[in-house]
Amino acid sequence: MRVVLDPTSETSPVSRARASRPADLAGKVVGLLDISKPRGDVFLDRLAERLTARGARVERYRKPTFTKPAPADLRAEIAVHCEVVIEALAD
Amino acid sequence: MRADTGAQPARTPLADGLVAVVKRDCPTCRLVAPVLLELRASGAALTVYSQDDPGFPEGLEPVDDTDLDVSWALGVTTVPTLLRVEGGRVTGREEGWSRPRWEAFTAVAGLGADLPEHRPGCGSRTVEPAEAERLAVRYGAGRLTSRRVELGELEDEQEALFGRGWTDGMPVVAPTEARVLRMLEGTTRGPEELVAVVPPDLVPCTVEKVAVNAVLAGCRPEYLPVVLAAVEAACTDEFNMHGLLATTYFSGPVMVVNGPVAAAVGMNSGVNAFGQGNRANATIGRALQLVIRNVGGGRPGEVDRATLGNPGKYSFCFAEDEHGSPWEPLSVERGLPTGTSAVTLFAGEGVRAVVDQRSRHPESLARSFAACLRGVAHPKLALAFDALLVVSPEHARVFAEAGWSKARLRQELDELLTLPGDELVQGAAGIAEGLPAALAGTTLPKFRPGGLLIVHAGGTAGLFSAIIGGWVSGPSGSQPVTWEVRT
């Protein structure tokens, strides 16, 4: 019997159910996360206009740099304050 | 092979008194067999363990140690070994035969009167390669906590390893317990010790997991300290391996090795330093990438989103030619003491050539370097990408003969690469790419302070140097990291 050692982390991801999709954005708090890519703000400014017109309340957030994961505090803040989040890549 | 003698295998705790470990195959052991009988006759408490023939030596009721359990536990490397055991613990040890030493050790006079005074012993069976490996696995594998994966009888080994997703696309070495234990001999660190938290899955990674991946990559045990240092350096916030992996850009970790470890493990800093054919260069860089892949979970097409990537993402690792360099090594320039082994990680893309076969004066050659360095990423982009300039021996000689230090060359390049904003702004030269229009009328450096690294490597023929362009530079992207290689 040939036995080898597992080179991986041996972890298995926990799967969590997605939050259900809201039927309507009116009255919902929508977070817009700018990851700091060039022109991401152009895209998100327009989205904010459209969302506000539909009756959503928009909160803006920004990652310090697009090259690193969002800081834990920022993720927590979005999770606490928003019901929906849109992340903009752009370039 | 274990003899089928029916004798009791050696399992009992050590008896106090004298303990001798012998094998029939050893002429010195056969020589001292009468001495052991003399010791027994003197009234000394003597237990004899036999490594190969439980019937040897006759008349001493030897204990069967053909499994070598006792020999291994006692750390016996030579036979005969004579030990003194008190309270179950070894308090004295003699190897080979020496009448004066054995007499002093046993306090019995007149031993082996017919024998020569000295005779060296033979190698213990525990140091025969096959036995040493079997014993290392038998007594060492318990230290390893990685999951054991049994390969099916009908599975091709290579196909099994590919099939589990553990390779970078090229064949790997099967990480058996024996190989991983042998790999761990390359470091003084324990297998359970934490090395780093590896992105993108942010998994705490132990020395053992690095060793398993170093085996996969084809490393020799003496490379392991370099791989460990590389993993530590890669997983710092400054180097930002997460972003480097996830980017659509070409880049991956480029490793420059400095200090005595480079020559000690046989790394290439000369002819074809970036190329194929050197095991240490090829496998050390590969081991780092396999740790990112297997432990961190960073796989192409998943978190690795490179548009094109580059072949250096298999392994891009070379040593600086310090011996032939007119300049201080990269690691020293970056703050480590001379003679310290170190790895420097740089987030680099492919290699581009600098051809200058005519410059015989440093001013001219520096202008060639600057002209080519301006092209990193795009000739109209500045401050956003670092670069690694690798100066070959024939080019370095031009600077050395003119007495130019590395600092002098860098100062010259800084001046030559101070660029007019008018040439860089969007639309200039009919090219939409470029810097914001507001920067027109200013001057800008091509590289941020500290963003140009200079090392010396390559074969002694060829008036060529090389530029390895960086990725997003500085605190918002990746900063080069220099890390000491420990044992």
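So what is the 222 nm mean residue ellipticity for chain B from helices alone, if each DSSP H run of at least 4 adds -39500 (n - 2.57) and you divide by all residues, rounding to the nearest 500 deg cm²/dmol? Display every interim value, and only then the final one.
Values: 16 runs with 140 residues, N = 487.
The per-residue figure over chain B is -8000 deg cm²/dmol.
Here segment B:17-140 is treated with +1 on each Lys and Arg Cβ and -1 on each Asp and Glu Cβ, and its dipole about the Cα centre works out to around 320 debye. Straight-line reach from B:Lys380: taking Cα to Cα under 14 Å and skipping same-chain neighbours fewer than 8 places apart, the aspartates and glutamates in range are B:Asp422, B:Glu423, B:Glu433. GNM remark for chain A: springs join alpha carbons under 10 Å apart, and the peak mean-square fluctuation among A:Val30, A:Val14, A:Val58 falls on A:Val14. Compute the Cα gyration tensor for segment B:332-408, then decide on rounded, prolate or oblate, letting a ≥ b ≥ c be the square roots of its eigenvalues: rounded whenever a/c is under 1.5, prolate when a/b is larger than b/c in the other cases, and oblate in all that remain. Judged from the Cα gyration tensor, segment B:332-408 comes out oblate (a/c at least 1.5, b/c at or above a/b). Counting Cβ atoms of other protein chains within 10 Å of each residue's Cβ and taking the mean over peptide A:6-17 gives 6.
Taking the convex hull of the alpha carbon atoms in chain B, what volume per residue do you get, in Å³? List each step's numbers first, then the result.
Working: hull volume 92.9 nm³, N = 487.
So the per-residue Cα hull volume is 191 Å³.
For the residues of B:208-217, the average number of beta carbons from a partner chain within 10 Å of their own beta carbon is 3. Counting only residues at least eight positions apart within a chain, or on another chain, the aspartates and glutamates with an alpha carbon under 15 Å from that of A:Lys28 are A:Glu49, A:Glu59, A:Glu83.
Taking every residue in B:143-149 and counting other chain Cβ atoms within 10 Å of its Cβ, the average works out to 4. Spin-label pair A:His81-B:Ala107: with each label point 7 Å from Cα along the Cα-Cβ axis, the two points sit 8.4 nm from one another.
Too long at a 29 Å Cα-Cα cut-off: which of A:Lys68/B:Lys446; A:Lys63/B:Lys406; B:Lys406/B:Lys446; B:Lys209/B:Lys313; A:Lys37/B:Lys446? Please list the in-between numbers first.
On the way: A:Lys68/B:Lys446 24 Å; A:Lys63/B:Lys406 38 Å; B:Lys406/B:Lys446 18 Å; B:Lys209/B:Lys313 20 Å; A:Lys37/B:Lys446 21 Å.
Correct reply: A:Lys63/B:Lys406.
Out of all Cα-Cα pairs in the protein assembly as shown, roughly what percent, to the nearest whole number, are more than 39 Å apart? Counting pairs separated by more than 39 Å, the tail of P(r) holds 49 percent.
For segment A:30-91, what does the convex hull of the Cα positions come to per residue, in cubic angstrom? Can you show the working numbers first?
Working: hull volume 3.9 nm³, N = 62.
Hull volume normalised by residue count: 63 Å³.
When you count the other C-beta atoms within 10 angstrom of each residue and take the mean per peptide, B:173-181, B:115-123, B:223-231 line up highest first as B:223-231, B:173-181, B:115-123.
Each value in this text was obtained by applying a stated rule to the coordinates, not by laboratory testing. On a predicted model such as this, the values are computed, not experimentally measured, just so you know. FYI the Cβ positions are ideal-geometry reconstructions off the backbone, even for glycines, and counts take in every protein chain you see.
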